[in-house]
Amino acid sequence: MGALPHNQVPDGEMLSSEQLQAEIDRLRPLADMGRMSATVAHEIRNPLAGISANAELLREVVTSGPDCECVDIILSEVERLGHLVSDLLYYSREREPEIRPLDLPWLARTTVDLSMSEAERAGVELRLSGRGRAMGDADLSRQALLNVIRNAVQACRVGGCVNVTVTDGHISVSDTGSGVPEILKERLFEPFITGRTRGLGLGATVARRCQRRQGGDLRLLESSPGGSTFTLQWPTA
């Protein structure tokens with residue numbers, strides 16, 4: 001049997017040229033929105049870096065009192081906006097992945113280090129164990145793991161714990177939070193779906209997108225009132 005025509009839909013119905021053009025016209029604004037999001041994110045990143053750098057300098061001078069709390073709020077909000085900008089960039093970018101051997105313990109250790117300050121502020125302990133290797137794109141992998149760890153930290157209360165476990169081709173992230181609400185489980189990886197009052201709900205979406213672009217995946221392995229476990233998977237050599 002020959003290949004199906006490019007304008008044939010899966011159920012066998014043929015799209016007319018007018019229908020194809022209508023579909024193109026429907027999708028074009030979405031593509032334009034993606035490009036605009038990437039441009040806006042790039043434009044926001046530089047001013048944010050300047051605000052952060054100056055706030056850090058101010059924080060070295062102001063060491064106590066209400067002014068100190070104000071500077072800490074500025075730094076916290078700048079960091080939050082920085083995460084949103086990164087999510088928008090990784091959601092919209094389409095560069096080809098660079099597939100190379102990955103040292104997963106190194107990837108996990110460096111990403112945990114990046115997450116440590118946020119975890120300390122939240123009163124959450126980060127634990128790392130295991131070893132293994134995989135094949136993937138280091139940049140996409142770090143962003144995916146960073147988002148998963150960040151979500152795990154945010155799911156925990158003070159005194160909670162996030163365990164990052166490495167095996168060949170996998171990194172599992174387990175938290176001691178309250179679990180993923182049942183109503184969100186089926187749509188957890190859709191964009192703009194979140195159970196929180198702040199944020200765009202892109203963290204899990206971007207993480208899975210990063211994984212799938214390099215031939216891997218991200219899954220919710222288990223979730224209960226005692227916590228959740230997410231598993232990032234990569235191809236192995």
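Quick note: the coordinates plus some simple rules give every number you see, no bench work behind them. These numbers come from a predicted model, not from an experiment. Heads up, the Cβs are rebuilt from the backbone with ideal geometry, glycines too, and the neighbour counts pull from every protein chain shown.
Laid out as a table, the results:
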| quantity | calculated |
| --- | --- |
| Rounded to whole Hz, the Karplus (6.51, -1.76, 1.60) HN-Hα couplings of region 177-190, x for glycine and proline | x, 8, x, 7, x, 3, 5, 9, 4, 6, 10, 4, 9, 7 |
| Net charge, residue 185 excluded, C-beta distance under 15 Å - Lys, Arg +1, Asp, Glu -1 | -1 |
| Cleavage-rule hits (GluC sites (Glu not before Pro)) in region 63-113: DSSP loop, at most 15 neighbouring Cβ within 10 angstrom | 94, 98 |
| Residue-by-residue Karplus 3J(HN,Hα) for region 101-112, coefficients 6.51, -1.76, 1.60, Hz, glycine and proline x | x, 10, 8, 4, x, 5, 4, 5, 5, 5, 6, 4 |
| Quotient of C-alpha Rg and 2.2 N^0.38 Å, computed over region 100-233 | 0.97 |
| Sparsely packed trypsin sites (Lys or Arg not before Pro) within region 69-123, loop by DSSP, other Cβ within 10 Å at most 11 | 95 |
| Summed residue charge, Cβ within 12 Å of residue 214's Cβ, Lys/Arg positive, Asp/Glu negative | +2 |
| Summed residue charge, Cβ within 12 Å of residue 82's Cβ, Lys/Arg positive, Asp/Glu negative | -1 |
| Computed FRET value (nearest 0.05) for residue 125 with residue 212, which takes r as the C-beta separation and R₀ as 35 Å | 0.70 |
| DSSP-loop trypsin sites (Lys or Arg not before Pro) across region 137-178, with at most 14 other Cβ within 10 angstrom | 157 |
